[in-house]
Every structure is written in C-alpha cells, then in structure tokens.
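Colleague: My questions will all concern the structure given below.
The values are calculated or read from the model by the stated rules, or taken from the named source; none is laboratory data. Every value quoted in this text rests on a predicted model; they were computed, and no experiment measured them. Positions of Cβ are backbone-derived with ideal geometry, glycine not excepted, and every protein chain shown enters the neighbour counts.
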Amino acid sequence: MRNLLFRKKKILICFLFLIFLSACDRDEIPNSEIINDETPTPLVVEKNLDKELEEEEEEQEEMDFALKNFKIPSKGTRPYAVMIDNAGPRVLPQGGLNLAQIVYEIIVEGGETRFMPVFWDQEPSMIGPVRSSRHYFLDYSMEHDAIYAHIGWSPMAQSDISKFGINNINGVWGVYWDITDDPYNWQDSYTSMEKLKSYVENVGVRTTTEKEPVFSYSDQPVLLEKGQKAEKISLKYSWVMSASYKYDKEKGVYFRFRKDEPHMERVSEEQIFAKNIIIQLVRNYSIQGDSAGRQEVDTVGSGSGYYITNGKCIEITWSKPGRTDKTQYFDKDGNNISLNLGQTWIQIFPTNGSLEIE
C-alpha cells in the first residue's frame, strides 16, 4: 500500500535538488555573464506528478471506504460462521453481515436462500436472525475450520456435524435471544460475538487452527485490466429470490440489493457493500424423498464462475477435491485469484439460475 505522504515528501526533495543543481551550474561559470531569461521553463514533470498524486489520492479514498468495516483475517485464528435467515420480509434488516470478511449465499428449499457470514476478530453486537443448518453450508464452514453457529438442523446436517466432528453452537440458551415477543415468529433469534466467544471459552473449544487461509489478499489494487465491464450484476436464484449489485466508481465498491431493494444492515442502518464478488456456478436439485423439498448442492468437484472487483469481471474456474478441502479459484492462466482488501460475497449460484453482468 503506497504512502501518499511519503510520496509528496519525495517529490518536494526532488524539486529542491533540481534547484540546488541549477545553482551549482551557475557557480561553476566564473566571470561569465548570467543571462536573466524572464520566460520560465515550463516544468512539465510537476504537472505529471500532480496528476499522479491526484490519481493516488483517489485510489486511497476508494481503499479507505472499502476498509471501513474490514480486518484482514488472522492466520491461525478460527473464525465463526453463522447461519442467517433470508426468507421473507420478517428477517429484515439482518444484523452483522457488514462486519463479516466473507459472506456465502446459497439456495435452500422453496427457492429461498440463506447466508453464512464468516467472522475473524470482529465484534458484531447483533448477528441474525439465526436459522437452522443445511449440510452443504458445512462444506464451506469446514474450509475455514470455523466454529459453526446455528439454531436447529436438517437431518443430513445433524448427521454430518456429528460425522465430521464440527464444533457447533446449536440454539444454546443464553447465547441466543429473541428480539420480539411473538411465540410464532421463528425468524427473530439473534446472537452476538461476545456471547459466542463467551460460550466457546466456557466449554473450552479450540480457537486456533493449522488450516491455510482459503484466500490471499493483494497489497496492491487488483484491477482485472483485461476483464469485461462489470458495473451491474443481477443474480436470480429462483422465482422468489434475487440479489444484485451496483458499482460505485467513486467509492470503489459494489452496493448490494435484495429483491431490487437496498440491502440494509440492522445496527449501522447502512446499505451493505462488497469489494469482491465471486460467483461460483454449481448444480442443485431436490433431495429424493425429502418432503420439505430440501436441496442437494454439488459443492465438490469443479466448475466455472466469475470474479468481479473494481468494475471489472473475469471468468474463473473452481475446484474442491473433498468436503473438508478448501475451494480454489483460478483465472484463465491457472493462477489462484487474489482478492482486494475488503468484504467478499461468494454467490454459490445455480447453473440454471438467471445471471446478468453488464
């Protein structure tokens, strides 16, 4: 990350050095007439440097906004992954999504979606509404070796949590609370990072990990210069759920919309925004014999997708050898993609969904 103050000082020093050299040249010509040309030589370099400084200041302003709520994930620290409801109007506004470094959105039964924000070293005071687990969300939680928070589970999720030995916090009294007095409202349960951490400390759950981070962050802007324009993104998961993003050039981020309405966060009362968007195309289908229409999602294997940042988009491929293995995302040259500093939304998106990037 370039330091603008240092660069300004460097320019001033160079300018003074040029004046010093000019003075030295005059001193080295004894007994000669010094001609005073009143027409100054234009310093083109100064204008170029001013323009470069202006561009760097704009870059810094964009970066500052993207980093408003962001902390780089700490290597060796286990994050917390929380299941968040996204069905219907009663869930709004959701809490805590703006503070997660990564947020996954995946389809569930009925064509709805749920979120799974992943938090490192963040302290949201309200996270929710918290809902039940679905087994394929576990595949992404395990990538990060996350401590997994939820209230309830599907039969397959219950089996897998036991099978994989996942540290989970399932509807524990005192960790979650309801924000309404309606006994028929199952979409009003919240938690906080303070309560989650307190529970983990009390039961002695491991808080460190040897797993390598899923993503790397670039210390220089990732511009995707050869990518296509990507200033409006529309993702229609099903006939009942859609998400979209609009790029703000001045701030350098994508503001998020849910069903064409600004996607707001409960505590800050601000619209949620992303610096990076990964669209991972996967196949989903109803589980045979499941009366609730729960879904299977092909998280393991390989496929295609898109990486979007700074108003540009490139095609990518993804690969995940097994359920506990991390998903790797590659550009067309086979290199792992590198993220810009800021929040990343990972849209685990149906191959038969409607996607528009423009």
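Colleague: Answer yes or no as to whether residue 285 is among the hydroxyl-bearing types (Ser, Thr, Tyr), outside any loop (DSSP other than H, G, I, E, B) and free of Cβ contacts under 8 Å to residues at least 40 places away in the same chain.
Modeller: The answer is yes for residue 285.
Colleague: So, one more: Exactly one of these conditions fails for residue 292: (1) touching a strand residue (DSSP E or B) at 6+ places or on another chain (Cβ under 7 Å); (2) of a type in the set (Gly, Ala, Ser); (3) under 27 Å from residue 109 (Cβ atoms). Give me its number.
Modeller: All conditions pass for residue 292, except number (1).
Colleague: Kindly check whether there is at least one residue in the range 195-210 that is in contact with a Ser or Thr (Cβ under 9 Å, 6 or more places away or on another chain), assigned to a loop (DSSP other than H, G, I, E, B) and not β-branched (Val, Ile, Thr).
Modeller: Within the range 195-210, not a single residue is in contact with a Ser or Thr (Cβ under 9 Å, 6 or more places away or on another chain), assigned to a loop (DSSP other than H, G, I, E, B) and not β-branched (Val, Ile, Thr).
Colleague: Can you name the residue in the range 115-132 that is of a type outside the set (A, V, I, L, M, F, W, C) and buried (at least 22 other Cβ atoms within 10 Å of the Cβ) and, of all such residues, is nearest to residue 146 (Cα to Cα)?
Modeller: Within the range 115-132, the match that is nearest to residue 146 (Cα to Cα) is 117.
Colleague: Residue 218 - would you say it is of a type in the set (S, T, N, Q) and farther than 28 Å from residue 258 by Cβ?
Modeller: yes
Colleague: From the set of residues in the range 233-261 that are assigned to a loop (DSSP other than H, G, I, E, B) and among the basic types (Lys, Arg), which is nearest to residue 103 (Cα to Cα)?
Modeller: Only one residue tops the list, namely 259.
Colleague: Of everything in the range 105-142, what is within 18 Å of residue 158 (Cα to Cα) and either of a type in the set (Phe, Trp, Tyr) or assigned to a helix (DSSP H, G or I) (or both)? Give them in sequence order.
Modeller: Hits for the range 105-142 are 109, 135, 136, 137, 138, 139, 140, 141, 142.
Colleague: Given (1) assigned to a loop (DSSP other than H, G, I, E, B); (2) surrounded by fewer than 21 Cβ atoms within 10 Å (Cβ to Cβ); (3) in contact (Cβ under 8 Å) with a residue 40 or more places away in the chain, where does residue 182 come up short, assuming only one miss?
Modeller: (3)
Residues are listed down the side, and each one gets a yes or a no for (1) surrounded by 12 or more Cβ atoms within 10 Å (Cβ to Cβ); (2) at pLDDT 95 or above; (3) not assigned by TED's automatic domain parsing to the domain that holds residue 141:
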{"position": "55", "(1), (2), (3)": "no, no, yes"}
{"position": "65", "(1), (2), (3)": "yes, no, yes"}
{"position": "70", "(1), (2), (3)": "yes, yes, yes"}
{"position": "88", "(1), (2), (3)": "no, yes, no"}
